[in-house]
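The structure appears right after this line, and notes come after that.
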Amino acid sequence: MKPVRSLARAMLSGIFVVSGARNFANPGRLVPAAKPITDRVTPLLERTDRRIPTDTETLIRANSAVQVGAGLMLATGRFSRPAALALAGTLIPVTLAGHPFWNNDDPVQRSNNQVHFLKNLGLLGGLLLAAADTEGKPGLRWRAGHRIGHSRRSVRRAVRTARREARIAVRSASTARRIPG
């Protein structure tokens, strides 16, 4: 892995590891802000599987655990693309719950939340870039297209060879018929 790529991943993941660990240890302080979001998600979770916990504090802890785990994976370069996607998924509810600037009447608080909201959008953009990063290697789409093109060329070559051999066989058979004996 290139040094710049390693450094960038460590820098991008740092906020998720630190805040994830802090929020996992003390989720109670986030419950009032997260409650409106978890109340909307609860019916979906209950329809998906009744065993999934739906209380706000447990959901905050689960989100925090994913942030710590995926942040460490991104920082170390292990499964970095899925880790970046997982972090992007955790960032969306955090941003909506933590920085709803559209609900603030106080201009100072509104401006502060708007800055943090835009900061999180920037983090989301960085995570999407990290999720798309193939480290200079061809992506799955390119490899599949290349393989298909290679297969088509191989089939065309095999068809040309078969036609050529068929013409040779026909000539040989007609020559053999002309020879007495």
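Any read-out appearing in this document is the output of simple, stated calculations on the displayed coordinates, not a laboratory observation. Keep in mind the model is a prediction, meaning the values are calculated, not measured. FYI the Cβ positions are ideal-geometry reconstructions off the backbone, even for glycines, and counts take in every protein chain you see.
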(request) Report the residue, chosen from Val108, Val155, Val18, that carries the largest GNM mean-square fluctuation when the chain is represented by alpha-carbon nodes joined by springs under 10 Å. (result) Val155
(message) Give the aspartates and glutamates whose C-alpha is closer than 17 Å to that of Lys2, dropping any in the same chain fewer than 8 places away, or say none.
(response) Asp133, Glu135
(request) Whole number please: convex hull volume per residue, Cα atoms of the chain, in Å³. (result) 221 Å³
(message) If I fit a long axis through the Cα atoms of helix 31-48 and take the longest principal axis of the Cα atoms of the chain, what angle between them do I get, 0 to 90°, rounded to 10?
(response) 40 degrees
(message) For a Förster distance of 22 Å, can you work out the FRET efficiency between the beta-carbons of Arg5 and Leu121, rounded to the nearest 0.05?
(response) 0.50
(request) Relative to the longest principal axis of the C-alpha atoms of the chain, give the angle of the C-alpha long axis of helix 3-25, reported between 0 and 90° and rounded to the nearest 10°. (result) 40 degrees
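Using the beta-carbon distance between Val159 and Arg81 and R0 = 35 Å, what value does 1/(1 + (r/R0)^6) give for FRET efficiency, to the nearest 0.05? If you can, show how the numbers build up before the last one.
Values: r = 39 Å, r/R0 = 1.12.
Approximately 0.35, to the nearest 0.05.
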(request) Rounded to the nearest 10 degrees, what's the angle between the helix 107-132 long axis and the longest principal axis of the chain, both from Cα atoms, 0 to 90? (result) 20 degrees
(message) Using each residue's phi in segment 100-105, evaluate 6.51 cos²θ - 1.76 cosθ + 1.60 at θ = phi - 60° and report the 3J(HN,Hα) Karplus result to the nearest Hz, with x for Gly and Pro.
(response) x, 4, 5, 9, 8, 8
(request) Just report the Cα centroid separation between segment 117-181 and segment 61-79, whole Å. (result) 38 Å
(message) Please list, short to long, the whole-number percent of alpha-carbon pairs of segment 93-181 in consecutive 10 angstrom bins beginning at zero.
(response) 13, 18, 13, 12, 11, 9, 8, 6, 5, 3, 1
(message) I need the phi-derived Karplus couplings for segment 78-85: 6.51 cos²θ - 1.76 cosθ + 1.60, θ = phi - 60°, integer Hz, Gly and Pro marked x.
(response) 8, 6, 5, 5, x, 5, 5, 5
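Calculate, for Ala62 and Arg147, the FRET efficiency according to 1/(1 + (r/R0)^6) with r their C-beta to C-beta distance and R0 30 Å; round to the nearest 0.05. Don't skip to the end; give the middle numbers.
On the way: r = 39 Å, r/R0 = 1.30.
Once the sixth-power term is evaluated, E becomes 0.15.
Within segment 29-74, which trypsin sites (Lys or Arg not before Pro) sit in a loop by DSSP and count at most 12 neighbouring Cβ atoms inside 10 Å? Write out the running numbers ahead of the final one.
Working: sites: Arg29, Arg40, Arg47, Arg50, Arg51, Arg61; in loops: Arg50, Arg51.
Qualifying residues, ordered by number: Arg50, Arg51.
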(request) Please compute the net charge surrounding Lys137, taking Lys and Arg as +1 and Asp and Glu as -1 over other residues with Cβ under 13 Å from its Cβ. (result) +3
